[in-house]
Each structure stands twice: as C-alpha cells, then as structure tokens.
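The values are calculated or read from the model by the stated rules, or taken from the named source; none is laboratory data. The model shown is predicted, which means the values in this text are computed figures rather than measured ones. Cβ coordinates were reconstructed from backbone atoms using ideal geometry, including for glycine residues, and neighbour counts include every protein chain displayed. Side chains are part of the model used for accessible areas, which takes the heavy atoms of the whole protein and leaves out ligands, DNA and RNA. Shrake-Rupley method; radii C 1.70, N 1.55, O 1.52, S 1.80 Å.
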Number of protein chains: 2
Amino acid sequence: MTAVNSQPTLDEVARVAGVSRATASRAINGGSRVSASARAAVDEAVRTLGYVPNPAARSLVTRRTDSVAVIVPEPDERVFSDPFFARTLRGVDRMLAAADLQLVLLLATRGAEGARTMRYLSHRHVDGAVVASHHRNDGLADHLSAIGLPCVFVGRPWSPDRVTYVDVDNVAGGREATRVLIDRGCQRIGTIAGPADMTAAVDRLHGWHEAMRAADLPTDAVAIGDFTEAGGEEAARELLERHPDLDGIAVASDLMAAGALKVLADSGRRVPDDVAVVGYDDLGVAERTSPLLTTVRQPIVEMAERATRLLLEQMDGSAPPGAMRVIIPPSVIRRDSA
Amino acid sequence: MTAVNSQPTLDEVARVAGVSRATASRAINGGSRVSASARAAVDEAVRTLGYVPNPAARSLVTRRTDSVAVIVPEPDERVFSDPFFARTLRGVDRMLAAADLQLVLLLATRGAEGARTMRYLSHRHVDGAVVASHHRNDGLADHLSAIGLPCVFVGRPWSPDRVTYVDVDNVAGGREATRVLIDRGCQRIGTIAGPADMTAAVDRLHGWHEAMRAADLPTDAVAIGDFTEAGGEEAARELLERHPDLDGIAVASDLMAAGALKVLADSGRRVPDDVAVVGYDDLGVAERTSPLLTTVRQPIVEMAERATRLLLEQMDGSAPPGAMRVIIPPSVIRRDSA
DNA sequence: GATCAATGTGGAAGCGCTCTCACACTTTCA
DNA sequence: TGAAAGTGTGAGAGCGCTTCCACATTGATC
C-alpha cells in the first residue's frame, strides 16, 4: 500500500502500466528501445496517475540540475531598473524555456553576499551561468573559470581572455555615431562618455576618438557621465560651458542624451539645427525624447539569446574548446536629433 | 579508492573525521546530539576536503528544495522595466538570502508558456512562491491554492479570498493624495486613473471618489491612462479639454503624472500655482520631474520583505491556517507639485 | 549500588530515479 | 538451418544524503 496523498512515483506508474520501472523510465524519457505498446501503456498510466518525475531524484543520478543561473552583479536600483537587464533576462529565459531549463536568478552583491553566490555556484546547484556583466571587474570571471562551471558573459568582462562572451561592437558603435555627426557637417563635436570602469563606455569613447581623428577634428571636448539622466545633464552643462561653440554631441547612452537634450533646450539651442545629438542604446528612451533621438541600437535580446545558445553548447559538450567571443555589429537608428 | 575529480561525499568526510556518516550529517546540519569533539573533527574534515553537500541528494530525502519561485506574470517590456518589479525582487531576495534559500525567477506568460510554469510549480520544484502580481486576473491564485503550494502575493490579486497577500492600502492612498489637493484649496479636482483591470488602479480611484464626495466636490473629471508616461500625457490632454478649469489633478502613478506635467507646461499652466498635481508611487520618477512631484509612497521593498516573511512562515508551518492579508499604510511625500 | 533518563554514536533503510547488464526473443543473412 | 545481429525487457545497483532505531555510555536519583 502506498501513501495516498504523496505524489505517485515511477514505481506506481510501472505497476499500473504493467511494465518494469526501467521500461517506464525509458518510455518517459523518450528513450529508444521501447515498444509502441509499452510506451502507450506508460503514457496512459502517467496521465491517469498524474505522475510527475521527482527532479531531485533524477538530478541525483544524472548529475544535472536542468537549471542555469543568471548572475546580476550589484543589484542597486539603477542597475536593476536598467532595460539592459530586463531584456537580457527575457532573452535568456526565452532560450532556456525552449530547452526546458529553469532560470535561477542570482543577485550577486560584493562581500559576504557575494561569497554566498560563489558558494552556491560551487555547489553545482546549476548546470551553467549567464553573467549579465555590467562590465565591472568583480572577479566573477576568474572564479567561474576556476570552478569549471560552463558560463557566458553578456557584455565583455574586464578580463576577457578565459571567458566566452557576447558583446556589441562598441568601438564601431561609437565610431558610427560620431560619423553621423561628421557626415551632417558638424565641425565642433563633443562627447559625453560613460564611467571608465565599464568596458562599453571605454569602447564607445574609443570609437569616438577614432572617428574624430580620421576626420582631423579636435578631440578635446570630452565629459564623463554616469549613465543616468541627471549625470547626462551635468556633463552636458560642463561641456557647453567649456565649449560653447559645440554643434554636435555623441552621447554614450540614451538616458544621458535625454539629459543633454534638456540642457540644450534650456540654453535655447535647437536640436538638431544648432547642436545635433546622437545617443546610444535604443532601448525605449530614444523614442520618448523630444526631439526623437538618433541613436545606436544594441540588440540586447538577441545578444542574450546568442549567449544562452553558446552556454547550452558548452553544457552539452558540443562547444569547441577554449573561450569564444561573439561580437555583434551595432546599427544606427536615424530619428530627429541628428 | 574514490574518484579524484569528483566532489567529496559525506562518506569521505566521515571517514576523514573518524566518525560515522550519520554523525557527520548531524554535525554538518547543526543538529543536536553531537559531541564537541566529533563536531570539531567533522568541521575540520569538511574544511580540508572542501566538502559541499549535494543538494539533490539532500532534497530527495528531506523533500525540500530550499528554493522559492518569484513569479512575474507577463513580462512584457513595460511591466518588467517597472521599478515595482525591480524592488520586489530585491526585497524578496534579501529575505531569502537571510534564510539561505534560492530565488528561481519564473517569467510566466500566458498560453503554452504559462502551462510550462504551472507544470514547473506542480513538480514541487520549489518550496513556495512569491507572486509579483501585476494585479491581472490570470488564474494563478486558483492554480496555486489548488496544488497547495505555499504562496504569497505582493499586491492584491483579483480573487483575494483564498490567498495570502501584502498590499498597500491604495484606497487610503488615493484618498490622501486627493486630500492634499483639497486641503490646499483646489476647487476643481480631476484624476487620471489606471487601467480598470488592475486592483491598484481601481482602489486608488475609489479613494479619490471617497475624498471628493466627503468634500462635496464633483467627481466627473476622470480620465484613464495606462500607467505609462505617454498614456498620462494623453489622459491629461483629454482631461484639460473637457475641464479647462481644473486646478488640481490626482494621478494614479508618477510616470503618468510626469506626462501630465509636460502637458500642463505645454499649455502654459504653472504647477502648482495654476494646477496642483499629486502623483503615486515614489519609486524614483517623482524626484526627476520638474517641478518635483508630491506623491504617495509605496514601500515596495518592505512589502516584498513582509510577503516573503509570510511565505517563510507558511513554509515552515508556523503560519496560522487560512489566508492572511497585510495592508500597509501609504504615506504622502510632499514636494513641489502640490 | 541499582534504576532511570539523558546523551552520543553507528548501522542500515530508503528517498525516486537512471542506467548498465544480462537475458529472451526476433529478424537477417550466408 | 545456423549463426550473427538487432530489439525490447526487467533485475538490480547505485546516486549522496537524512533519519529511525538500537545500542552503548554517562550522570543523576532513590
């Protein structure tokens, strides 16, 4: 007699179907070597009993957990509300769902909490990890490769050598954005860059420099923002004070560009006629500014999907050995600000 | 001889510590009935071997998974980028971390994907669930209570009877917000409400009605928005067209209020002198508008923490039987718009 | 000094599953 | 017709852990 209230086990399914537990297991897992009649009997038994496999038991023998972690470093308010993460999560979840894997969210802070995350990963509680790198140097890459857990970064980490990652070509993006301004005839072009501890910010600034030098334009009008709207305002004010003759600004994020637009409007400058502005991201903000922002699109969801696919390949062993990098080209979205 | 590369097992720990597996297990799980010397030996063995318990094996026998799901319904871009979810996740994660539980994120869409979520929950893959209800009627509450999984809603669900939830008192919030306008002498007060399929929106509108009736003011100036900035703009325009004499607007979200502020500015009305505006949420937006928004604060993180605590009590059986509801009072944050 | 409880310990069962292996039975082909 | 190959099946061995139970030991109590 079996307990009445507990979930049915494979044994019961086998008994009801009139086969052995081994055959029932094979039938359920879609294995070969099962006769059509046996499979039908098992299917029927599964249905009538409402059988559902016990994941822990399965996991114990297969040594897989069928779940992967998404590691979000430093979930302070700003970072977390960033559409970057929302879209990354969506992209990852979409791919994982297709592979019938679960998404375990790890909000990795530093310090004691960070140690907890590391411990969790060492436990082999997940089969792999996607790191939504906000491009900070937090030692995660080293730790992950040390414990040999399959993992992929979305966004280039600071120590990219040993780790597979997917990133947008931010140098090209910065270059293209700047070229939009050059091509429309801007002569005095500045930039509002992001924090120097993020690879994306550094790369975009790099691209700006390249384009400016190629066009023989001066590269002295640089201000640094923090990827927030307020930071963009402040940087724009500083920039305009130092260089009142600016007629073009390449901004490293749409949010900062939105701030810059405000400052330009307040100072009585028309956009794009007096000063043309190009943003970066195209994650929604650019469609709500006035005027609408010309910007560089990062296909985040696609990046996340691509990263997840690479992870899945690592997990099932079909990935080539060694770290891979996938660089996705950005595309300029033309609207009204430049 | 044991495999070299595999994780050490409890057996090896026991052998190294010179005790039985049972004692080692007790020592590791902080159980009583272990002598100090045995415990020390086990601790030492754990340290030197780098032992880490296998969660699947443990889970198989304890019938716990030590993880809880956070269910986010319908993760379209708007919903997901909402600070509401970001903060909910943070609050939940904070409490779970303290209890050494893992957060499994379930992005529950409708249809086939939704079925997958339900299946996952039925598997008893998690010990409990926090539902970040965006207040839609998606049958989740029924399903969860049907399978008997401990769960708590953040935000009142549409069918609240059988389910424990934590919510802010949105009726009171709507009332308080309106009273701010009444108290400053507004005579002609309108409201921009949220969609009628969200309990929060309905409740806030309800509160507005209460306050208006109590002050013997007319309740005809109502427009409906969709909780976005653009929706707020549109609703504000409509409202002003129908009621050009408005001198106060209670808006059901800060984002919509931001849109309304724009429209008011465009129409040459000064805020708060010509028209006073009160928002709702105080999740960051209100501190970036011009003028700064007077608003009603929802303590989301605290709500999420409270909800999680209730869930933990359900999970360990210390909760009183029956569904509970915790209603948190909102507070008015006075800034410049009213 | 005998009796009892409290305390620490190890043996062993068993959680629910997968998968190897041996075996029976069929088909194919020389 | 016999051997070889292929196919479906069940017995059974674990996966690594917790926990029940029985068995010492000890200290407290009469």
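Remarks
- Checking each residue in segment A:172-190 for being touching a residue at least 24 places away in the same chain (Cβ under 8 Å) and either open to solvent by 30 Å² or more (accessible area, probe 1.4 Å) or within 19 Å of residue A:121 (Cβ to Cβ) (or both) picks out A:175, A:176, A:179, A:182, A:184, A:187, A:188.
- Test: residue in segment A:97-109 that is at pLDDT 80 or above, facing chain B (nearest Cβ under 10 Å) and on the phi > 0 side of the Ramachandran plot: yes
- Within the option set B:296, B:285, B:277, being farther than 16 Å from residue B:180 by Cα, surrounded by 19 or more Cβ atoms within 10 Å (Cβ to Cβ) and more than 13 Å from the chain's Cα centre (by Cα) holds for one residue only, B:285.
- Residue list for segment B:60-75, filter: among the small types (Gly, Ala, Ser) and either within 16 Å of DNA strand D (Cβ to nearest atom) or facing another protein chain (nearest Cβ under 7 Å) (or both): B:67
- Residue satisfying all of: in segment B:17-59; within 14 Å of chain A (Cβ to nearest Cβ) and in contact (Cβ under 8 Å) with a residue 24 or more places away in the chain; farthest from DNA strand C (Cβ to nearest atom) among these: B:50
- A single member of B:198, B:118 is touching a His at 6+ places or on another chain (Cβ under 7 Å) and free of Cβ contacts under 8 Å to residues at least 40 places away in the same chain, and it is B:118.
- If only residues of segment A:135-144 that are open to solvent by 20 Å² or more (accessible area, probe 1.4 Å) and at pLDDT below 75 are counted, the one that is nearest to residue A:301 (Cα to Cα) is A:136.
- From the options B:319, B:250, B:265, B:323, residue that is surrounded by 22 or more Cβ atoms within 10 Å (Cβ to Cβ) and of a type in the set (Gly, Ala, Ser): B:250
- When segment B:35-50 is filtered for residues that are surrounded by fewer than 19 Cβ atoms within 10 Å (Cβ to Cβ), closer than 12 Å to residue B:25 by Cβ and within 11 Å of DNA strand D (Cβ to nearest atom), nothing remains.
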